[in-house]
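Below: one structure, written as structure tokens.
The values are calculated or read from the model by the stated rules, or taken from the named source; none is laboratory data. Treat the numbers as computed from the prediction; the structure is a model and nothing was measured. Counting neighbours? That spans all protein chains shown, and the Cβs are built from the backbone with ideal geometry, glycine included. Surface areas here come from the heavy atoms of the whole protein model, side chains and all, with no ligands, DNA or RNA. Shrake-Rupley method; radii C 1.70, N 1.55, O 1.52, S 1.80 Å.
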Amino acid sequence: MWARASSRLWCQVLIAGLAAAASITAVAGPGQQAPDVLRGEQLYGRCMGCHAPAYDSVGPRHCGLFGRRAGSLPGYAFSAAMKAQPWVWNAATLDRFLAAPLAAVPGTSMTYDGIADARERRDLIAYLRALDASPQCRAASPAKHQE
Ligand code: HEC
């Protein structure tokens with residue numbers, strides 16, 4: 001009697017464990033983890049020789065990047081190639097550009113080899129997306145956030 005009860009209990013534990021494992025796989029997809037924004041922030045160190053989130057440097061600022069048309073930020077001198085680019089920046093266009101900037105936009109003045117690792121690009125793009133909510137971006141464009 002005791003033996004039967006305990007084996008039933010074990011069976012319930014096992015089923016609960018399997019269900020939890022299945023739901024984790026369903027959320028993240030097989031072999032995929034959610035992007036890591038903190039790792040993306042570290043990777044952004046590679047961009048900071050030329051970029052800053054809230055002001056233009058060698059390259060244009062990255063606050064407000066998502067949803068912005070490529071080469072459209074007022075006050076920054078883009079290359080003709082970037083200005084002619086019809087892309088709007090989102091996860092897909094950024095992934096393509098950052099993998100190989102000079103191949104994706106021939107003639108761009110962003111002389112950077114790119115990020116070959118897809119996982120690193122995903123983390124970096126998640127960071128760029130999260131950037132808009134950061135204090136430095138909110139301070140840089142208060143008008144945008146008052147609408
Ligand atoms: C060697 C300097 C340099 C480095 C390093 C660099 N960039 Fe750039 N970036 C530029 C320049 C210059 C431009 C303007 C390109 C043009 O006008 O063709 C630019 C443009 C961009 C744009 C287009 C912005 C817009 O408003 O259209 C994005 C996005 C971008 N860079 C992301 C990055 C990211 C992310 C990194 C780090 C992985 C990075 N860049 C590293 C110099 C650099």
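For region 30-147, the mean projected area of the C-alpha convex hull, equal to one quarter of the hull surface, is 7.8 nm².
Full extension of the chain between TYR76 and ARG138 gives 20.4 nm of extra length, using 0.36 nm per residue less the Cα-Cα distance. Placing GLU120, GLU41 in order of accessible area, with the largest value first and a 1.4 Å probe, yields GLU41, GLU120. For MET48, the accessible surface of its heavy atoms amounts to roughly 110 Å² (probe 1.4 Å, protein chains only, rounded to the nearest 10). Averaged over its residues, region 34-146 has an accessible area of 54 Å² per residue, based on protein heavy atoms and a 1.4 Å probe.
Compute the separation of the alpha-carbon centres of region 120-135 and region 51-78 and state it in Å as a whole number. The two parts, judged by their Cα centres, are 15 Å apart.
For region 47-147, chymotrypsin sites (Phe, Trp or Tyr not before Pro) are listed when DSSP marks them as loop and at most 14 other Cβ atoms sit within 10 Å of their Cβ; the list is TYR55, TYR76.
Computed on protein heavy atoms with a 1.4 Å probe, the accessible areas place ASP132, ASP117 in the order ASP117, ASP132, largest first.
Its relative contact order, with pairs defined as Cα atoms under 8 Å and 6+ residues apart, puts region 34-146 at 32 percent.
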